[in-house]
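Notes to accompany the following structure.
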Amino acid sequence: MSADLTSPIGAQPAAEAVADLFARVFDRLAQWRSPIEQAIAPAIRSLADPAAVTGEVRPADLDQVVAGLVLPRLTEPDPLLVGAGFIADGEIVRGRDVHFAWWLGALDDNPVLGSTDTPTRLDLSTRGYTEYLRDFRALEWYRIPATTRHAHVTGPYVDHLCTCDYILTLTMPVHAPDGERMVGVVGADISVRRLEQELLPRFLAVAAPLALVNADGRVVLSTDPELQVGQLADASAATSLECPGTPFRVLVGDE
């Protein structure tokens, strides 16, 4: 017997699709983390004193490692990720307060960067509005992994630095060789518009209106025209389904 598509049970495949998509991206971040940790290991002067750093990691060497990991994902057909890379604690990379080994995928009519056919490296020196990144340890995508030691999803939020569009940023802590000290985060960005391509068919298969919301109740995507991305939804007025392994819930409205 098929599930009633007006019921929360009928919306379960949509919630499972969300969980599966984010699990795949987190698995990818976990695969990238090990070679990055190996690349930054020389910067740790002594395993007995992980706080002592020599700054032996050269920016170009680190960039080469990270580029080899993320560029294949940004250049595959119809890539899910719009950006990816590693953001290093300022003490790790020689001569840098903060080091972004981060690449953007091809962009279409971007108001900052125009249209690009191939990935481009994020160059903070060309931006005049990046002062807030000097205190990057206070930003959610860094602060939460540093505090919890777990992966985190930030957003949806408008990315004024790169895409000028709504995105979600997934980050995972990267540690020193002793596994204790966090030295940066590996991460990836997914645009909400790209997420809609992946998930809306599952959401539209349900007769009842659905909305994907984050832990704060902020809408990521919705089949209810009255709920727009970034809007706060009234989660108390709808049944909700958890998306395991993510901070998201699917709100199921009345048909």
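Each reported figure results from applying straightforward, stated rules to the coordinates on display, with no laboratory input. Every value quoted in this text rests on a predicted model; they were computed, and no experiment measured them. Glycine gets a Cβ as well: all are built from the backbone with ideal geometry, and neighbour counts include every protein chain shown.
Summary table
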quantity	calculated
Translational diffusion coefficient (Stokes-Einstein; Kirkwood radius from C-alpha pairs) of region 152-255 at 4 °C, 1.567 mPa s, in µm²/s	87 µm²/s
Estimated FRET transfer efficiency (Arg149, Ala19; beta-carbon r; R0 25 Å; 0.05)	0.70
